[in-house]
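Below is one structure, written out as structure tokens; comments come after it.
Read-outs: derived from the displayed coordinates by stated rules, not from any lab. These numbers were taken from a predicted model, which means no experiment stands behind them. Neighbour counts are summed over all protein chains in view; Cβ atoms, including those assigned to glycine, are modelled from backbone coordinates with ideal geometry.
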Amino acid sequence: MLMNAASYRKLCIANILNGLTEGLSKYSRPTRVALIFVVDPDDPISIFDPQGLLRGHESKLEDLFFVNGSQWRNRIKENILRQPKGHLIPENDLELSGLISYGASSSDFFYQMWFTEHHPDMCSIHPTERWLEQAASLLVHDYNTHNAPINSSDYVLKNFSLQAIADNIVDIWDKHLEFDYKIQIPLILNDILNISKTREEGAWARGVLFFADPRRLGQLSFLTRIQEHERPSVSNVKHIRKLLVAVERSERKLVSDGNTIIGITDSPVPDYAIVAEFKGDYGFLRIGTEKIASFFDGGFHSTTREAKMVELEELLLDADMEIEASATLFRVVSHLVHRAGHARHGCTLVIDLNEVPIRLSGHVLDPPLSLLEPKNIDLACSLLRIDGAVHLSPDNRIHGFACLLDGKTISWENMARGARYNSALRFSAGNSRIIVVVVSADRPVSIIYNGIEINAFRQWQPVYQYTPELIRLEQYLNGVLL
């Protein structure tokens, strides 16, 4: 049965937003998406924000769309007249704090601006921008083609990470290189993932492989080249995995022209070459020295794999401490957490903000160990490996280690997180002015204060279970719920 035009177009928007949300949530972490749009030039401004992403930005949105009157509409109308029918014209970023956005206008769909979250641990926002750009293009197509097979757009956006990265690389090369490139970027990105999943004698890949345009290979100084007729194809991942043994844990690098392995060099990586840095069961993709994405578990991801701990920094700034002292404490804790993460072991840090540190059951240090002395940092990192918590005060001194954290049972414990996490919840709930940082062996970092994990990830919820109504932006700004 055919649905009416209004229902179909509403479903188009919900379907694309759902696919975009799921795809970005796999690429980064649980992520929300929102859309502000105007279909025809004189239509009211509408919004679709089923998870409240834009709440808190009402004042800025009102200034952008209503205080300035019709100036923005007139500008878009003039721009559309200069372009071919259906051509997407990029719109300026609205610069909302903590958000990534991409907007476009066209004769077929007057205005749209997509928004998603800017997670603090992202290597680069540009692949995400390309993802939003793809959503904008698909929306124009689906919205104007009644009863089109819109499920294909949902599928594309759920699985767009590799193509988003490839589009980002193409944009960089178009901007900086003066010649047409011959490397098939999606193919080598897929080869990089396959190499990262291939073990050699039980070991994961380590070392650097970079891809340079064949016309720039003459600028490199090779330690050795492989005879042309024997050069292995990059798609022969088992062979490439074996060759990486020759460059692991060194300044040497494998060099490819995008099709085969040319040889080995210790020269610096050329500007704008595609670099795959294999670091065991994970790695990083770069353009020259700029980090684009990480890769692990058979896919690309946005994370730098470094805990940013923005929430901890905010807690310390709000504490009764001098700004310089809170900044120093944050740097010390961040260093300890990153060292534990790189060493792949769990640990617990108790940051005691009380004037007189509380007494914990464990090994008490006399005198406390100052972490402002560089020689003590390695010792502190070793203490983190011992079962129990490390007790730290605002003056950057360790008062104890192997400390036991106890407390009364609380109703919001999470048995899936293990004893270290739940002990921290209980202890924090029963002790004020205590921040507990829990590092799990598989890298997640939890910041716990007053018994609450303040940096807990939101769980992604599909939009299609219930599709809210599209409402006018003016209503949204006045507090109307979707």
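Quick notes on this structure:
- Here SER411 and GLU290 are evaluated by their C-beta separation; at R0 = 56 Å the FRET efficiency comes out at 0.75.
- Each of GLU251, GLU290 has some number of other Cβ atoms within 10 Å of its Cβ, and from fewest to most they run GLU251, GLU290.
- Extension gain, ILE226 to ASP297: 0.36 nm times the residue separation minus the Cα-Cα distance gives 22.4 nm.
- Note on LYS26: lysines with a C-alpha under 20 Å away, same-chain residues under 8 apart excluded, are LYS158, LYS197, LYS291, LYS308.
- Counting neighbouring Cβ atoms within 10 Å and putting the fewest first, the residues MET113, MET415 line up as MET415, MET113.
- Here the peptides 189-196, 315-322 are ranked by packing, the mean other Cβ count within 10 Å, and the order with the highest first is 189-196, 315-322.
- Under the simplified labelling scheme, the ASN478-ASN354 pair shows an inter-label distance of 5.3 nm, with each label point 7 Å from Cα along Cα→Cβ.
- Note on segment 188-213 and segment 349-410: Cα centroid distance 40 Å, given to the nearest whole angstrom.
- Once the Cβ-Cβ distance of ILE386 and GLN71 is raised to the sixth power relative to R0 = 51 Å, the FRET efficiency obtained is 0.20.
- Taking HIS87, HIS176, HIS399, HIS57 and counting other C-beta atoms within 10 Å, the order from fewest to most: HIS176, HIS87, HIS57, HIS399
- Volume in Å³ per residue [convex hull over Cα atoms, computed for segment 61-164]: 117
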